[in-house]
Ligand code: DC
């Protein structure tokens, strides 16, 4: 009866604050959280570790079907693959890039579809990604699509990385973001785009608190029974 369990989808490109908003929303509502990008990142890490060639689609899909992953349930929390802690590697920029490449493989997306749907558990789910509202949870009760200018997204990512002590170049970051956007938006399967019934919020000039307030207003409208 998963159809009865409410879902809110938060889609959009990286650097729009999706992860932070999803985590805050999950905390406010006490709902589960799916960071679907982490699944693609884990596959990318596994490909590297197990020396799978991503062109060997059969082997890639076998790995994605059987991989034993665990999440602490928090955005930026612990992630293990076959019992080994890999969260540091999962969050690297090069992993994001590799994830965006494997994410364009239709057979892999198909394998990950059910894994993602299995996160739908009572009392509800916040699903963060690119195709949560269009493909994975098309029946979600509320679909949010966050956008922001590429320059603003690169700035935000830059600050995040600098705060973590990672040295980065803003121009290179902007280029990476642009090429990942291009790949994610133009792939043939599940391209990055808002669902027809999504609420689109441009976050370029908004603070996280302002975005959260806007989203919470929508949550109260759609789910008046929640404690939002
Ligand atoms: O959200 P993220 O930056 O962790 O995602 C990493 C890559 O994974 C992103 O560039 C595209 C891909 N991805 C996807 O194709 N579909 C999703 N639902 C989530 C992520």
| field | Close pairs (6 angstrom Cβ cut-off, 6 or more residues apart or separate chains): under 30 Å from residue 221 (Cα atoms) in segment 172-200, within 12 Å of the ligand (Cβ to nearest atom) and outside any loop (DSSP other than H, G, I, E, B) anywhere | value | 190/109; 190/135; 191/185; 192/184; 192/185; 195/133; 195/134; 198/133
| query | Has segment 200-210 got at least one residue that is over 15 Å from residue 92 (Cα atoms) and within 16 Å of the ligand (Cβ to nearest atom)? | reply | yes
| query | Does residue 221 count as without any contact (Cβ under 8 Å) to a residue 40 or more places away in the chain and within 13 Å of the ligand (Cβ to nearest atom)? | reply | no
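Yes/no matrix, rows are residues, columns are (1) exposed (fewer than 12 other Cβ atoms within 10 Å of the Cβ); (2) within 20 Å of the chain's Cα centre (by Cα); (3) more than 12 Å from the ligand (Cβ to nearest atom); (4) closer than 30 Å to residue 65 by Cβ:
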{"site": "137", "(1), (2), (3), (4)": "no, yes, no, yes"}
{"site": "152", "(1), (2), (3), (4)": "no, yes, yes, no"}
{"site": "161", "(1), (2), (3), (4)": "no, yes, yes, no"}
{"site": "168", "(1), (2), (3), (4)": "no, no, yes, no"}
{"site": "180", "(1), (2), (3), (4)": "no, yes, no, yes"}
{"site": "212", "(1), (2), (3), (4)": "no, yes, yes, no"}
{"site": "216", "(1), (2), (3), (4)": "no, yes, yes, no"}
| field | Sole residue being in contact with a strand residue (DSSP E or B) (Cβ under 9 Å, 6 or more places away or on another chain) and on the phi > 0 side of the Ramachandran plot, chosen from 77, 83 | value | 83
| request: Quickly run through segment 62-91 and pick out the residues that are in contact (Cβ under 8 Å) with a residue 40 or more places away in the chain, over 26 Å from residue 27 (Cα atoms) and surrounded by 18 or more Cβ atoms within 10 Å (Cβ to Cβ). | output: 64
| field | strands (runs of 3 or more DSSP E) within segment 14-126 that include 3 or more residues more than 10 Å from the ligand (Cβ to nearest atom) and over 15 Å from the mean Cα position of the chain (by Cα) | value | none
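All of the numbers you see were taken from the coordinates with simple rules; none came from a lab. Treat the numbers as computed from the prediction; the structure is a model and nothing was measured. Counting neighbours? That spans all protein chains shown, and the Cβs are built from the backbone with ideal geometry, glycine included.
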